[in-house]
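Asker: Input: one structure, supplied below.
The values are calculated or read from the model by the stated rules, or taken from the named source; none is laboratory data. Just so we're clear, the structure is a prediction, and the values are computed from it rather than from any experiment. Cβ coordinates were reconstructed from backbone atoms using ideal geometry, including for glycine residues, and neighbour counts include every protein chain displayed.
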Amino acid sequence: MKRKRLVIRTVILAILAAAVIYTLYAHFSKDDIDQVELGKTAPDFALVDLNGQKHQLSEYIGQGVFLNFWATWCKPCEREMPYINKQYEKYKDQGVQVLAVDVGESDLAVKNYAEKYHLNFPIVNDKKGDVMTAYGIDPLPTTFLIDKNGKVVKIHKGELAKEKLVQQFMEEIKP
């Protein structure tokens, strides 16, 4: 009986030790992910929008891209969406595209949100969080301005509080 308890305790201890080692490894190795840097090429990705259409970032070469990471529960995101939508309507025919990446919510929640706010730009869903991780997103919202060559020219963390700011960003990446 004592031997059986010793074996069980040893197995439990080994599992706990493995969990601690894995947690430490995951925590310290996350810094090894290449950070998105100004002047460098934006990491490519392909995600599907609410209509089932695939959007791959590299297909937007030749156009400026206003890449915005957001979520329906994010109040600052909610406040900036009307500004983004208005500027999208103004700049979409001038070579500037908006690509909004929702960070892993259900398609139904995102679709309802887009309908509620009459959003016309493409909204893709990063259900697994791979793109969010690749871009090192923290906090929400975070916006990347990508020029016609696919290079990151500006990173803005936090709310885009004024429509004028959004317009300046659109002008900055207009080809």
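Asker: Please indicate, with yes or no, whether at least one residue in the stretch 72-88 is surrounded by 15 or more Cβ atoms within 10 Å (Cβ to Cβ) and touching a Gly at 6+ places or on another chain (Cβ under 6 Å).
Answerer: No.
Asker: So, one more: Scan the stretch 153-175 and report the pairs whose first residue is in a helix (DSSP H, G or I) and whose second residue is at pLDDT below 90 and of a type in the set (Ser, Thr, Tyr), with Cβ atoms within less than 8 Å and a gap of 6+ or a chain change.
Answerer: none
Asker: Here is a further query. Conditions: (1) under 20 Å from Glu78 (Cα atoms); (2) over 13 Å from the mean Cα position of the chain (by Cα). Asp138 meets all but one. Number of the miss?
Answerer: Among (1) under 20 Å from Glu78 (Cα atoms); (2) over 13 Å from the mean Cα position of the chain (by Cα), the lone unmet condition for Asp138 is (2).
Asker: Just wondering, is there one or more residues in the stretch 107-128 that are in contact with a Lys or Arg (Cβ under 6 Å, 6 or more places away or on another chain) and either within 18 Å of Ala42 (Cα to Cα) or modelled with pLDDT of 95 or more (or both)?
Answerer: Taking every residue of the stretch 107-128 in turn, none turns out to be in contact with a Lys or Arg (Cβ under 6 Å, 6 or more places away or on another chain) and either within 18 Å of Ala42 (Cα to Cα) or modelled with pLDDT of 95 or more (or both).
Asker: Assess whether Asp138 counts as being among the acidic types (Asp, Glu) and without any contact (Cβ under 8 Å) to a residue 24 or more places away in the chain.
Answerer: yes
Asker: Another one. When you scan the stretch 70-86, do you find a residue that is among the hydroxyl-bearing types (Ser, Thr, Tyr) and closer than 20 Å to His156 by Cα, even just one?
Answerer: Checking the stretch 70-86: at least one residue is among the hydroxyl-bearing types (Ser, Thr, Tyr) and closer than 20 Å to His156 by Cα.
Asker: Kindly indicate which of Asn68, Asn120 is among the polar types (S, T, N, Q), in contact (Cβ under 8 Å) with a residue 24 or more places away in the chain and over 17 Å from Ile137 (Cβ atoms).
Answerer: From the options Asn68, Asn120, the qualifying one is Asn120.
Asker: Restricting attention to the stretch 137-150, and to residues there that are surrounded by 15 or more Cβ atoms within 10 Å (Cβ to Cβ) and either in a loop (DSSP other than H, G, I, E, B) or out of contact with any strand residue (DSSP E or B) (no Cβ under 6 Å at 6 or more places or on another chain) (or both), which single residue is modelled with the lowest pLDDT?
Answerer: Ile137
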